[in-house]
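The next block holds one structure in the form of structure tokens; read it before the comments.
The values are calculated or read from the model by the stated rules, or taken from the named source; none is laboratory data. Owing to the predicted nature of the structure, the values given are computational and were not obtained by experimental measurement. Neighbour counts run over all protein chains shown; Cβ positions are idealised from the backbone, glycine included.
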Amino acid sequence: MGNKTKVAIIDDEKLAQDIVANYLKAHEDIEIIAKCSNGFEGIKIINEQKPDIVFLDIQMPKINGFEMLELLDETPVIIFSTAFDQYALKAFEVNATDYLLKPYSQERFNEALSKAIIQLKNKDKYNKNIQSLISHLDEKPEYLDRVVVKDKQKISIIPIDDIKYLEAQDDYVMLNTSHGKLLKQKTMKYFERHLNPKDFVRIHRSYIVKSDFIKQIELFEKESYRAILKDESKLPISKTGYDKLKNFFNQ
Amino acid sequence: MINPFINSTNRFSIYFFIWVVITLVQIFTLNVILELDLGYAITDSIVFNVLYLGIGLSLWYPTRFITFENYSLLKIFLNHTVAAIVTSGFWIFLGYFILDKIFNIDGINREFLSSSLIWRFFIGILFYSIIVSLNYVIIYYTNFQEKILKESELRALIKESELKTLKYQINPHFIFNSLNSISSLTLSDPKRAQEMTIKLSSFLRNTLSKNENLKHKLSDEIKNVKLYLDIEKIRFEDRFELVEDPIEDCDSIEVPSMILQPLFENAIKHGVYESIEKVSIRLSCNIEDNYLKITVENSFDPDSVSKKGEGIGLVNIQNRLKLIYNQENLLTIRKTGNIFKANIYIPLEGGKYSG
């Protein structure tokens with residue numbers, strides 16, 4: 001019993017969960033430990049029960065499949081299953097093992113499962129790369145409209161419009177929002193790429209600011225400027241940052 | 001363009017009639033005022049006027065080729081001056097020749113004829129000017145009408161193509177997700193799989209065929225929407241419910257086809273897709289001051305922040321209504337708390353339902 005491979009199914013449609021369960025009947029060495037119908041349940045189950053393989057839908061209420069992955073302590077082997085083909089590239093960027101397009105056959109399903117089992121056996125090797133792989137790539141970035149953050153047990157979904165500015169903090173980025181400060185495990189580079197340049201400007205190595213939150217730009221010392229924000233906080237502006245701002249406001 | 005006086009018998013009759021009048025006036029002038037004998041007055045008038053009737057028809061060709069677009073005003077003026085002199089000269093020479101050689105005019109009539117050549121020359125130029133001006137007016141009037149016709153044809157074409165681009169399009173994800181549900185049901189519940197296949201087929205058939213028609217009855221529109229919701233119900237089970245107010249009064253009113261479908265798809269997309277709670281969708285309609293008002297309301301999760309794809313369907317509805325009914329603001333939307341409400345107003349013709 002204990003040697004069985006543990007599988008979790010995360011999909012908001014019951015019939016979509018059922019077909020995975022049905023296809024798994026042919027595999028006796030696999031045990032379904034949970035079926036979840038949204039990302040919140042998914043995070044809880046994965047963090048608590050540590051399944052080996054997760055079948056994951058992308059479009060779900062509250063947080064989508066990708067956002068759920070960002071919030072996991074440890075990433076299991078992931079097989080995406082979705083009707084949307086436009087996420088395939090992104091799925092492989094987050095190191096998904098396979099990408100099943102709904103509806104799929106038993107044969108196609110088996111193929112994905114075998115790949116997952118092979119990957120599972122080599123997991124140690126595979127795990128080392130995953131975190132670094134998650135954070136880069138993207139051929140053409142899609143601009144974010146929200147960011148999900150986990151603070152202890154609480155998951156917050158922050159609309160991009162609520163963010164005032166971002167500040168680099170070691171391996172994290174501090175999001176300064178209208179409701180307080182939150183830490184997100186991403187790089188400044190990631191945010192610079194995924195925030196709409198029409199709204200956000202990187203004014204300094206450590207700061208990205210929402211343009212309409214800047215109240216004024218003042219000469220601070222000789223040849224050096226700083227930005228005064230609407231909440232009176234003052235942020236340094238680097239030389240390249242100043243050029244970017246100038247370009248931004250000239251447009 | 002063909003000579004407008006030969007082209008239509010109607011116009012030729014008018015042209016001919018004018019010449020008859022001129023001939024009669026001339027007979028009267030020669031006989032009564034200048035006291036020439038009637039026989040001569042008639043012969044003279046008929047010969048000269050029949051000649052100009054013929055010459056006048058041929059003046060169409062110089063007008064046709066000396067156009068304002070291709071020549072400067074000075075050139076046009078010079079061309080026509082020369083043509084008028086030549087035409088008039090040719091005319092009086094031919095008239096004089098016929099009267100002299102064929103009718104053997106002599107005595108007082110012959111004296112009169114010789115002395116009248118100079119004023120006949122100026123009359124010839126006057127005729128030339130009148131006919132040429134008339135020809136120009138006809139050319140410009142015809143061109144103007146053609147332009148108006150072409151413009152209205154073009155407008156109709158633009159409208160048609162605009163309506164085509166705004167046409168409802170089936171969301172492919174809906175189809176693939178439905179097919180996945182069917183695939184799943186074939187294993188667990190074949191009877192329901194069959195049911196769903198039939199519903200999906202009916203929906204696709206309706207949607208594909210109805211999309212070609214501009215309008216259909218509201219009851220047909222609602223029937224198709226319900227088919228859609230039935231399919232989504234199989235996918236989402238009890239994650240949503242449809243509350244429907246009675247619609248008997250509005251049943252047979254014509255509405256643009258597939259005009260409600262995007263509203264229900266939005267309700268599913270922004271309501272059901274994004275919410276863990278059960279979503280309620282409400283449909284109602286009533287008649288309000290010459291408008292049929294159709295309301296679609298749905299609850300949604302106010303914390304959901306996804307904005308992707310929001311509004312495109314709604315903008316399409318707005319534009320379609322504007323194109324079809326030539327009125328603005330036939331779609332209004334309002335978000336209050338966790339309720340999203342869309343009203344569609346269909347203008348009723350001639351206040352038939354105004355009661």
Looking at B:Asp230, B:Asp220, which is the one that is within 35 Å of the chain's Cα centre (by Cα) and not small (Gly, Ala, Ser)? B:Asp220
Tell me yes or no: at least one residue of the stretch B:244-253 is touching a strand residue (DSSP E or B) at 6+ places or on another chain (Cβ under 7 Å), within 23 Å of B:Ile339 (Cβ to Cβ) and modelled with pLDDT of 90 or more. no
Is it fair to say B:Ser202 is away from chain A (no Cβ under 14 Å) and part of a helix (DSSP H, G or I)? yes
For a quick check of your reading of the model, give me the residue pairs whose first member lies in the stretch A:86-105 and is touching a residue at least 40 places away in the same chain (Cβ under 8 Å), whose second is assigned to a loop (DSSP other than H, G, I, E, B) and buried (at least 17 other Cβ atoms within 10 Å of the Cβ), with beta-carbon atoms closer than 6 Å and at least 6 apart or on different chains. A:Lys102/A:Ala83
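Per-residue answers, yes or no, for (1) part of a loop (DSSP other than H, G, I, E, B); (2) of a type in the set (Ser, Thr, Tyr); (3) loosely packed, with under 13 Cβ neighbours inside 10 Å:
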{"site": "A:Tyr165", "(1), (2), (3)": "no, yes, no"}
{"site": "A:Leu175", "(1), (2), (3)": "no, no, no"}
{"site": "A:Val209", "(1), (2), (3)": "no, no, no"}
{"site": "A:Glu218", "(1), (2), (3)": "no, no, yes"}
{"site": "A:Thr240", "(1), (2), (3)": "no, yes, yes"}
Per the list (1) within 14 Å of chain B (Cβ to nearest Cβ); (2) assigned to a helix (DSSP H, G or I), residue check on A:Phe191 breaks on (1)
Quick check: anything in the stretch B:324-339 aliphatic (A, V, I, L, M), at pLDDT 85 or above, surrounded by fewer than 21 Cβ atoms within 10 Å (Cβ to Cβ) and over 21 Å from B:Glu162 (Cα atoms)? yes
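Condition check: exposed (fewer than 11 other Cβ atoms within 10 Å of the Cβ) and either farther than 13 Å from B:Val132 by Cβ or touching a residue at least 60 places away in the same chain (Cβ under 8 Å) (or both). Does B:Asp100 satisfy that?
Criteria not met by B:Asp100.
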Only one of A:Ile33, A:Ile63, A:Ile43, A:Ile9 that is of a type in the set (Val, Ile, Thr) and assigned to a loop (DSSP other than H, G, I, E, B): A:Ile63
Being at pLDDT 90 or above and within 14 Å of chain A (Cβ to nearest Cβ) narrows B:Ser280, B:Ser275, B:Ser304, B:Ser299 down to just B:Ser299
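Of everything in the stretch A:40-57 that's in contact with a helix residue (DSSP H, G or I) (Cβ under 9 Å, 6 or more places away or on another chain) and more than 21 Å from A:Gln185 (Cα to Cα), which residue is farthest from the other protein chains (Cβ to nearest Cβ)?
It comes out as A:Asp52.
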Residues (in a helix (DSSP H, G or I), surrounded by fewer than 16 Cβ atoms within 10 Å (Cβ to Cβ) and either modelled with pLDDT under 85 or more than 9 Å from every other protein chain (Cβ to nearest Cβ) (or both)) located in the stretch B:162-191: B:Glu162, B:Leu163, B:Lys164, B:Thr165, B:Pro190, B:Lys191
Over the stretch A:149-162, the set of residues more than 12 Å from every other protein chain (Cβ to nearest Cβ) and part of a strand (DSSP E or B) is A:Val149, A:Lys150, A:Asp151, A:Lys154
If A:Val94 satisfies all but one of (1) surrounded by 18 or more Cβ atoms within 10 Å (Cβ to Cβ); (2) more than 17 Å from A:Lys150 (Cβ to Cβ); (3) away from chain B (no Cβ under 14 Å), what's the number of the condition it fails? (2)
Among the residues of the stretch A:10-39, which ones are more than 16 Å from B:Arg239 (Cα to Cα), within 8 Å of chain B (Cβ to nearest Cβ) and surrounded by fewer than 21 Cβ atoms within 10 Å (Cβ to Cβ)? A:Asp18, A:Asn22
What about A:Ala83, is it more than 14 Å from chain B (Cβ to nearest Cβ) and small (Gly, Ala, Ser)? no
